[in-house]
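> Here it is, the structure in full.
The values are calculated or read from the model by the stated rules, or taken from the named source; none is laboratory data. Quantities reported herein were computed from a predicted structural model and do not represent experimental measurements. Because the Cβ atoms are built from the backbone with ideal geometry, glycine has one as well, and the counts that use them run over all protein chains shown. These area figures cover heavy atoms from the full protein model, side chains too; ligands, DNA and RNA do not enter into them. Shrake-Rupley method; radii C 1.70, N 1.55, O 1.52, S 1.80 Å.
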There are 2 protein chains.
Amino acid sequence: MNNYILKDENAIYYECGYSSDNAIYLRLGSEAFFLTDGRYTQEAKAQAKNCEVIQSHNLLKSARQLLRKERIRTLAYDPKEWDVQSLEFLQKTQTHFAPRRQLSWKKRIIKSPGEIELLRKAVELGAQAFESFAQQAQAGMDEYELNFLAKKALSHTGRYDLSFDPIVALDAEASKPHAMPTEQRLEEGRLLLMDAGLKYKRYCFDRTRTARFGKALEFSMEQRFSPVVQKAYDTVRKAHDQAIEKARSGMKASEVDALARGVIEKAGFGEYFIHSTGHGVGLDIHEMPFISSRSDTIIEEGMVYTVEPGIYLPGEFGIRIEDMVVMQNGRAEVL
Amino acid sequence: MNNYILKDENAIYYECGYSSDNAIYLRLGSEAFFLTDGRYTQEAKAQAKNCEVIQSHNLLKSARQLLRKERIRTLAYDPKEWDVQSLEFLQKTQTHFAPRRQLSWKKRIIKSPGEIELLRKAVELGAQAFESFAQQAQAGMDEYELNFLAKKALSHTGRYDLSFDPIVALDAEASKPHAMPTEQRLEEGRLLLMDAGLKYKRYCFDRTRTARFGKALEFSMEQRFSPVVQKAYDTVRKAHDQAIEKARSGMKASEVDALARGVIEKAGFGEYFIHSTGHGVGLDIHEMPFISSRSDTIIEEGMVYTVEPGIYLPGEFGIRIEDMVVMQNGRAEVL
């Protein structure tokens, strides 16, 4: 399909290297158009590549005029990207709108060498942030303060955008997949789970570590918990490692999921691993490929995804270890 | 219409006092249903009022089953709230889907006394945050640091969510309506514009102040700039004050807009006031009523909206003063 329409910011950025929070991108054969309002036209003209910038205070109307003028017969769109009201407005033309699910995600599933470099840089900045958080976390801080400290560290004090709101949760709170901060405080012997990310030039970083707070915090993979927690931790770590070491290009995503899930099930924790093993990462924090038991997607060279098995015992504790990997030379390399 | 379907988090929260990031709310005559996944059912059962909680790992499918089971003939939905793919899935029933634009916003346009109390509390916490920011802002900080300081102050160091990403911009940067941080630093004599907000129990605060940084920062309305800037500042302040003092219940929103716009036009700055005078505030940071030159909405008792005139001289400076008001006893009272 050589004709398509986009409005998602990341989908548009992928096409032309620029985007704004009020834009429509139209690809019509060999031509492309970037529609935006007066606040963004200067920047768009300077930065958007291989497309004509059209300024408009009514983007839908201008897009429709363009479709009429260019006599477009068929136009692809992602039915998840467009709301009913906007699409119905656009459809008042002779153009046939052809639904294409995950239109942009499918184009973006294999990362270029340039994109992989940006993701590596995001991971490098993110690793520094985890280190900086660990150095500043102190006994007595509550989850609100820890959460704010995570934002400070991840953003490098405002330099970078976050890829999502960080989760910093202690002990039983870590067992909730959508933990919100509480007034519980960091103390010696407590378990701390941190899931956090930042963006570098729009490309996302995502990592989770679980650690025991002793006199200080260390995010190394080697951790010493009480025997019960340690068994779960070692299981998650083994699931994480196996899913990375045994992944090969050409496997189905569901097979990669099974590599992690098998380890956890074998250790008797199967019912406590309540989510899928991972998800693609790129311009979106969650994108294709989805590493789940129901995904037939074939894992190929250049795909980037997270491996993040977890074990959650409600009311007791939660463990998750997450890294981003890139498929290179047939194997998964940790970024 | 006694049958409707919602998926927006704030729209659902308004109906039943609870919401999650994966939920569908169905009002079917005298019955109501809250559909969510296993992560949220416990909380939903404890907190969602006057509705039956249904746990599902496929909300759309469960909603469709419910429509079939209850033999619903007509169901209202907001065509801006629903994506094409989800609506098409739902529509595979005997039910007729009737579009109702701004379905939830229209219900929420008049605030109850309880809501006004929550908004007052949000404003109180927000005013403290502006004060705290002013005390901590120091010469030498760049816009990134100032932006981060705004997040720290507004969130009360992580206690409250932000209602939007704050804008803190210096001099010429303040003339950009979507200013992004730069490495420019705060120094004596510079103009600082801050537009920021937080949420208290989901209700939003929104305020803008423009100040001259002397030895320190003071957000009082009395400011001393150079003569050229001062003329613009005094004009914006007068526009802000007049739009508040002269507003009356029963006016059209466009008339309230004209109160501010008239002052700015009369002073010769008309072409530099490039946005509308204000917007409603509640669960959403931008909701009805919209105070624009094109809005026929009648301003009534209990409506809450911002008054935020501005003057922006590209490449030179920008001024904006914004407060939230509530219509009470026929007049606009500053919150």
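> Is it fair to say B:Val229 is touching a helix residue (DSSP H, G or I) at 6+ places or on another chain (Cβ under 7 Å), in a helix (DSSP H, G or I) and β-branched (Val, Ile, Thr)?
In short, no.
> Quickly run through segment A:1-10 and pick out the residues that are part of a helix (DSSP H, G or I) and either more than 27 Å from the chain's Cα centre (by Cα) or of a type in the set (S, T, N, Q) (or both).
Within segment A:1-10, A:Asn10 is the sole residue that qualifies.
> Right, another one. Taking into account only those residues within segment A:4-38 that are over 12 Å from A:Leu59 (Cβ atoms) and of a type in the set (D, E, K, R), which is farthest from the other protein chains (Cβ to nearest Cβ)?
Filtering first and then ranking leaves A:Glu31.
> Checking A:Gly214 against (1) at pLDDT 95 or above; (2) out of contact with any helix residue (DSSP H, G or I) (no Cβ under 6 Å at 6 or more places or on another chain); (3) open to solvent by less than 50 Å² (accessible area, probe 1.4 Å); (4) not polar (S, T, N, Q): exactly one of these is not met. Which one?
For A:Gly214, the failing item is (1).
> Name the pairs: first residue in segment B:91-107 and closer than 15 Å to B:Lys7 by Cα, second residue at pLDDT below 95, Cβ to Cβ under 9 Å, at least 6 apart or on different chains?
Final answer for the pair search is B:Arg100/B:Met1; B:Leu103/B:Met1.
> Among the residues of segment A:105-141, write down those that are over 18 Å from the mean Cα position of the chain (by Cα) and over 30 Å from A:Lys80 (Cα atoms).
Within segment A:105-141, A:Gln128, A:Glu131, A:Ser132, A:Phe133, A:Ala134, A:Gln135, A:Gln136, A:Ala137, A:Gln138, A:Ala139, A:Gly140, A:Met141 meet the criteria.
> Any residue in segment A:96-103 that is open to solvent by less than 80 Å² (accessible area, probe 1.4 Å), more than 10 Å from every other protein chain (Cβ to nearest Cβ) and touching a Phe, Trp or Tyr at 6+ places or on another chain (Cβ under 9 Å)?
Yes, segment A:96-103 contains a residue that is open to solvent by less than 80 Å² (accessible area, probe 1.4 Å), more than 10 Å from every other protein chain (Cβ to nearest Cβ) and touching a Phe, Trp or Tyr at 6+ places or on another chain (Cβ under 9 Å).
> I've got another one for you. Find all pairs meeting these conditions: Cβ atoms under 6 angstrom apart; at least six residues apart or on different chains; first residue within segment A:142-162 and farther than 18 Å from B:His156 by Cβ and more than 7 Å from chain B (Cβ to nearest Cβ); second residue open to solvent by less than 50 Å² (accessible area, probe 1.4 Å) and in a helix (DSSP H, G or I).
A:Ala153/A:Ala129; A:Ala153/A:Ser132; A:Ala153/A:Phe133; A:Leu154/A:Ala129; A:Leu162/A:Leu154
> Spot the failing condition for B:Lys201; the list is (1) at positive phi; (2) buried (at least 17 other Cβ atoms within 10 Å of the Cβ), and only one is missed.
If we test B:Lys201 against (1) at positive phi; (2) buried (at least 17 other Cβ atoms within 10 Å of the Cβ), just (2) comes out false.
> Among the residues of segment A:173-192, which ones are away from chain B (no Cβ under 12 Å) and surrounded by 13 or more Cβ atoms within 10 Å (Cβ to Cβ)?
A:Glu173, A:Ala174, A:Gln184, A:Arg185, A:Leu186, A:Arg190, A:Leu191, A:Leu192, listed by residue number.
> Restrict the check to segment A:212-233 and report whether at least one residue is within 21 Å of the chain's Cα centre (by Cα), farther than 17 Å from A:Asp171 by Cα and of a type in the set (Gly, Ala, Ser).
No, that holds for no residue.
> Hey, another quick one. So how many residues does segment B:201-252 have that are under 24 Å from B:Gly268 (Cβ atoms) and hydroxyl-bearing (Ser, Thr, Tyr)?
Selection size over segment B:201-252: 5.
> Among the residues of segment A:121-134, is there at least one that is open to solvent by 30 Å² or more (accessible area, probe 1.4 Å) and touching a helix residue (DSSP H, G or I) at 6+ places or on another chain (Cβ under 8 Å)?
Yes: one or more hits.
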